[in-house]
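Written below as structure tokens is the structure these notes are about.
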Amino acid sequence: MQTIYWKLQADNEKSASASLTQAARLLQQGEVVAFPTETVYGLGADGLNGAAVAKIFAAKGRPADNPLILHIADKNDILPLTTGLTANAKALMEAFWPGPLTLIVDKSALIPDEVSAGLDTVGVRMPSHPVAAQLIALTGRPIAAPSANISGKPSPTDAQAVLDDMQGKVAGIVDGGRCGIGVESTVVDTTSPVPMILRPGGITREMLEAVLGAVEVDPTLAGSTDFKPKAPGMKYRHYAPEAAMYLFEGAATGCLPQTAKQAAAQGLKVGVLCSAELAAQFAAAENNIAVSCWGSEVSDLAEQLYALLRAFDKQQVDVILAEGVDEAGLGLAVMNRLRKAAGYQIVTVAAGQLCAKSGTHLPGFMLK
Ligand code: TXA
Ligand code: MG
């Protein structure tokens with residue numbers, strides 16, 4: 001399939017709106033078009049057309065039991081999609097829409113099974129990105145859109161990453177530059193008496209609590225595998241680079257530079273993802289080690305995380321060692337993505353020794 005690529009020019013509104021009109025027409029015709037949002041790029045299709053939505057699953061190689069989020073351009077557009085909103089859902093819409101928050105609500109009969117994957121609920125979000133908002137409004141339908149990556153890979157936060165995964169598989173890609181937040185929206189179930197975070201994201205737990213009082217967090221997000229996650233997508237290996245990845249948490253972070261050097265000395269090509277503070281412990285051109293560091297804020301890491309993981313794939317590193325961050329604020333979403341990207345291979349310290357958390361096997365280069 002020929003994939004049309006529209007590069008939007010910020011200084012040429014007329015040509016941008018001609019491109020979006022063309023993209024909207026393809027969406028109305030049941031085709032799949034990728035577009036930027038404030039979180040990550042989405043892979044959109046007409047959310048009320050089951051056959052169009054099925055094309056998203058085919059392009060991504062996504063398991064059919066993983067439901068999609070519907071994207072709308074106006075708050076009132078949620079009303080036909082649900083049998084009713086709880087007071088909590090209304091409060092969250094008022095506080096955080098448009099923005100990176102997905103509300104799980106009871107679905108109406110309009111929702112195709114392809115979107116809700118057999119559940120009685122549907123996820124709805126109103127993005128704040130101007131390109132997303134304009135495209136949805138021009139299409140005049142709710143747009144079903146998962147992240148625009150091949151299932152299991154890191155989500156795309158720029159159009160090149162979308163091209164890498166989707167060229168030839170979708171009708172079009174709208175290039176609106178880099179996404180600002182970099183991790184996906186927060187998913188909150190508003191149907192339960194106490195709202196529950198099913199996926200941490202751009203709207204933090206603290207921000208939700210300020211509006212709602214109490215919120216719960218799906219226990220599986222802490223890494224427990226004893227329960228089935230309530231967001232079906234959270235059970236899959238996800239956000240994952242090709243190399244084996246290890247996440248250093250707590251006191252183990254101090255051992256990361258030394259461990260990376262040991263691995264490199266054994267001939268492995270090592271990717272290191274760390275703060276500027278740890279990066280300072282590496283020489284400018286360390287043999288066999290590619291150091292990617294973020295700024296001082298966790299929001300910098302969120303913004304760059306997926307692009308850095310994809311860059312390690314392009315550099316064909318053998319192993320990635322990543323430094324964990326504090327879980328306050330956006331840190332909860334970042335740590336959730338890092339743990340999943342690492343396949344829960346988490347390294348900590350006990351009795352002065354590096355050790356593996358819950359079932360991880362430490363590779364040879366970590367053992368003294
Ligand atoms: O920021 C985002 O949310 C991006 C952009 C493109 O909007 N979209 C996105 O979609 O991340 P996706 O499909 O990659 O992730 C949707 C998540 C999955 O974990 C899915 O299982 C969950 O939301 N989800 C969707 N509908 C649900 C429902 N009815 N009940 C529980 N979880 C649901
Ligand atoms: Mg996704």
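The values are calculated or read from the model by the stated rules, or taken from the named source; none is laboratory data. Small disclaimer: the values here were computed from a predicted structure and weren't measured. Using ideal geometry, Cβ is built from the backbone for each residue, glycine included, and neighbour counts are taken over all protein chains shown.
Take A145 and decide whether it is closer than 18 Å to V105 by Cα and touching a residue at least 40 places away in the same chain (Cβ under 8 Å).
It is true that A145 is closer than 18 Å to V105 by Cα and touching a residue at least 40 places away in the same chain (Cβ under 8 Å).
I need every pair where a residue in segment 271-293 that is within 18 Å of E249 (Cβ to Cβ) has its Cβ under 6 Å from the Cβ of a residue that is of a type in the set (S, T, N, Q) and buried (at least 16 other Cβ atoms within 10 Å of the Cβ), sequence separation at least 6 or different chains.
Short answer, once both residue conditions are applied: L273/S292.
Of the conditions (1) in a helix (DSSP H, G or I); (2) in contact (Cβ under 8 Å) with a residue 60 or more places away in the chain; (3) over 29 Å from G329 (Cβ atoms), Q258 satisfies every one except a single condition; which number is it?
(2)
What are the pairs with Cβ atoms under 8 angstrom where one residue, in segment 340-355, is free of Cβ contacts under 8 Å to residues at least 24 places away in the same chain and the other, located anywhere, is small (G, A, S)? Sequence gap at least six, or different chains.
none
Quick grid of which residues meet (1) in contact with a Leu (Cβ under 6 Å, 6 or more places away or on another chain); (2) more than 21 Å from G254 (Cα to Cα); (3) not in a helix (DSSP H, G or I):
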residue	(1), (2), (3)
Q304	no, yes, no
R310	no, yes, no
D313	no, yes, no
Q316	no, yes, yes
I320	no, no, yes
V325	no, no, yes
A328	no, no, yes
L332	no, no, no
M335	no, no, no
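Of the residues that make up segment 147-167, is at least one surrounded by 24 or more Cβ atoms within 10 Å (Cβ to Cβ), assigned to a strand (DSSP E or B), within 13 Å of ligand 1 (Cβ to nearest atom) and within 17 Å of the chain's Cα centre (by Cα)?
For segment 147-167, residues surrounded by 24 or more Cβ atoms within 10 Å (Cβ to Cβ), assigned to a strand (DSSP E or B), within 13 Å of ligand 1 (Cβ to nearest atom) and within 17 Å of the chain's Cα centre (by Cα): present.
If we scan segment 134-146, do we find a residue that is of a type in the set (D, E, K, R), away from ligand 2 (no atom under 16 Å from the Cβ) and not in a loop (DSSP other than H, G, I, E, B)?
No: zero hits.
If I filter segment 63-85 down to residues being without any contact (Cβ under 8 Å) to a residue 60 or more places away in the chain and crowded, with 17+ Cβ neighbours inside 10 Å, which single residue comes out as nearest to P130 (Cα to Cα)?
The extreme case among them is I78.
Considering segment 31-49 alone, what residues qualify as being in a loop (DSSP other than H, G, I, E, B) and within 12 Å of ligand 1 (Cβ to nearest atom)?
P36, T37, E38, T39, V40, Y41, G47
Please enumerate the residues belonging to segment 279-302 that are buried (at least 21 other Cβ atoms within 10 Å of the Cβ) and either in the same structural domain as G201 (by TED's automatic domain parsing) or over 21 Å from A244 (Cα atoms) (or both).
V298
What is the residue count in segment 61-95 for residues that are assigned to a helix (DSSP H, G or I), among the polar types (S, T, N, Q) and closer than 22 Å to P232 by Cα?
0
From the list L198, L247, which one is within 16 Å of ligand 2 (Cβ to nearest atom) and either surrounded by 17 or more Cβ atoms within 10 Å (Cβ to Cβ) or assigned to a loop (DSSP other than H, G, I, E, B) (or both)?
From the options L198, L247, the qualifying one is L198.
Let's see how each residue does on (1) under 30 Å from S19 (Cβ atoms); (2) hydrophobic (A, V, I, L, M, F, W, C); (3) crowded, with 18+ Cβ neighbours inside 10 Å:
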site	(1), (2), (3)
F57	yes, yes, yes
G61	yes, no, no
A87	no, yes, no
P100	yes, no, yes
G118	no, no, no
L135	yes, yes, yes
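Of A132, A89, which residue is among the small types (G, A, S) and under 16 Å from G47 (Cα atoms)?
The match here is A132.
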